[in-house]
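The values are calculated or read from the model by the stated rules, or taken from the named source; none is laboratory data. As the structure is a computational prediction, the values presented were derived from the model and not from experiment. Because the Cβ atoms are built from the backbone with ideal geometry, glycine has one as well, and the counts that use them run over all protein chains shown.
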Amino acid sequence: MKDTVYVDNKKNGIETYISAEMAQKRMKKRILLDKAAGIIFSFTIIFALFVLGLLIYRVVSESIGWVDIQFLTGKLSISAERAGIKSVIIGSILLMVIVAPVTLFLGVGTAIYMEEYSKKGAIQSLINTNISNLSGVPSVIFGLLGLTVFGRLFNLGSSVLAGGLTMSLLVLPIVVVSSQEAIRAVPNFLRDASYALGATKWTTIWRIVLPTAIPGIMTGSILSLSRAIGETAPLVVLGIPALILRTPTSVMDDFTALPIQIYYWTLDAVLTKEYANLAAATIVVLLVLLFVMNSIAIIIRNKFQRRY
């Protein structure tokens, strides 16, 4: 048996023997496959970064000379030279003011109930499956739901509140699923230690589970808010206007948002070439706003991650 190598076949429990030469060939084959996979994945990353860099270069190059104080503080106008996006930026910020607390409170609350209070069984599995499936529903469907419920049933029209609640429904499944995973990842010995010291269930959740799960919860929140601020289809279905001269001051006012403005300026670029520059400049502003939001969320996440 000196020329054989013992191989334990775990699939059917049968003990087999192969020669050392055959084992060496298999090892070389696996090494080649590993190198090929590494080359393919590296090429994929390089290609993705190249496309991303090309898009960013195209957007930034077309926005040069258009992003200035007048553009950031001016009002919307049909004239490309005089157009500004002050009301659009404020509308997007007010939209996030609605989306962020609604998704966090409802999403995290749902995750806490599903993981800490609800009984494990078929019903819970069914609910979890449906929540996960909602993440793949096209955004236009949520727009139709928001138009029917918030726009018409509650007579909110195309207000900031209607848009915020509609976008909250869109990104809520992301927050729920990510929060469930974060809570599920909290070690049970932390809960047991808290109970051993006489803490109640809610005290354990509030003082132990949630602070430990904050990094994962914040990651899901970052993804959800990033999607919400960049979605266009639900707002188009809801009837959000592209040209609004009055700056919204409350959640009941009509508004427009950065994705809507980018969408309509891109369409109008066929007739007026300068609108393409306005769309590119608005994309730059949207990217900066998104970067600031994500940076704040990452700072909060890292702070709690260092503590726990």
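Out of the residues in region 215-233 that are of a type outside the set (S, T, N, Q) and surrounded by fewer than 19 Cβ atoms within 10 Å (Cβ to Cβ), which is farthest from residue 113 (Cα to Cα)?
Only one residue tops the list, namely 233.
Sort out which residues of region 65-78 are closer than 18 Å to residue 256 by Cα and not in a helix (DSSP H, G or I), and write them in order of number.
74, 75, 76, 77, 78
So in region 187-209, with the set limited to residues that are in contact (Cβ under 8 Å) with a residue 60 or more places away in the chain and surrounded by 14 or more Cβ atoms within 10 Å (Cβ to Cβ), which one is farthest from the chain's Cα centre (by Cα)?
The selected residue is 205.
Could you list all residues from region 160-186 that are aliphatic (A, V, I, L, M) and more than 17 Å from the chain's Cα centre (by Cα)?
Correct list: 160, 161, 162, 183, 185, 186.
Restricting attention to region 7-62, and to residues there that are of a type outside the set (S, T, N, Q), surrounded by 10 or more Cβ atoms within 10 Å (Cβ to Cβ) and not in a helix (DSSP H, G or I), which single residue is modelled with the highest pLDDT?
Looking at residues that are of a type outside the set (S, T, N, Q), surrounded by 10 or more Cβ atoms within 10 Å (Cβ to Cβ) and not in a helix (DSSP H, G or I), I get 18.
Quick test of your reading of the structure: residue 94 fulfils all but one of (1) closer than 19 Å to residue 177 by Cβ; (2) part of a helix (DSSP H, G or I); (3) within 19 Å of the chain's Cα centre (by Cα). Name the failing condition by number.
If we test residue 94 against (1) closer than 19 Å to residue 177 by Cβ; (2) part of a helix (DSSP H, G or I); (3) within 19 Å of the chain's Cα centre (by Cα), just (1) comes out false.
Please go through region 260-294 and pick out each residue that is part of a helix (DSSP H, G or I), of a type in the set (Ser, Thr, Tyr) and touching a residue at least 60 places away in the same chain (Cβ under 8 Å).
Selection gives 275, 282.
Every residue in region 216-258 that is of a type outside the set (S, T, N, Q) and touching a Pro at 6+ places or on another chain (Cβ under 8 Å), please.
229, 230, 231, 233, 235, 254, 255 - these are the residues of region 216-258 that are of a type outside the set (S, T, N, Q) and touching a Pro at 6+ places or on another chain (Cβ under 8 Å).
Exactly one of (1) within 30 Å of residue 179 (Cβ to Cβ); (2) surrounded by 15 or more Cβ atoms within 10 Å (Cβ to Cβ); (3) of a type in the set (Gly, Ala, Ser) is unmet by residue 280. Its number?
(1)
Confirm whether residue 272 is crowded, with 20+ Cβ neighbours inside 10 Å and hydroxyl-bearing (Ser, Thr, Tyr).
Criteria not met by residue 272.
Do any residues in region 42-62 that are touching a residue at least 40 places away in the same chain (Cβ under 8 Å) have Cβ atoms under 7 Å from those of residues that are surrounded by 10 or more Cβ atoms within 10 Å (Cβ to Cβ), where the two are at least six apart or on different chains, and which pairs are they?
59/280; 59/283; 59/284; 60/284; 62/276; 62/277; 62/280
Has region 118-131 got at least one residue that is assigned by TED's automatic domain parsing to the domain that holds residue 254, loosely packed, with under 13 Cβ neighbours inside 10 Å, in contact (Cβ under 8 Å) with a residue 12 or more places away in the chain and not small (Gly, Ala, Ser)?
no
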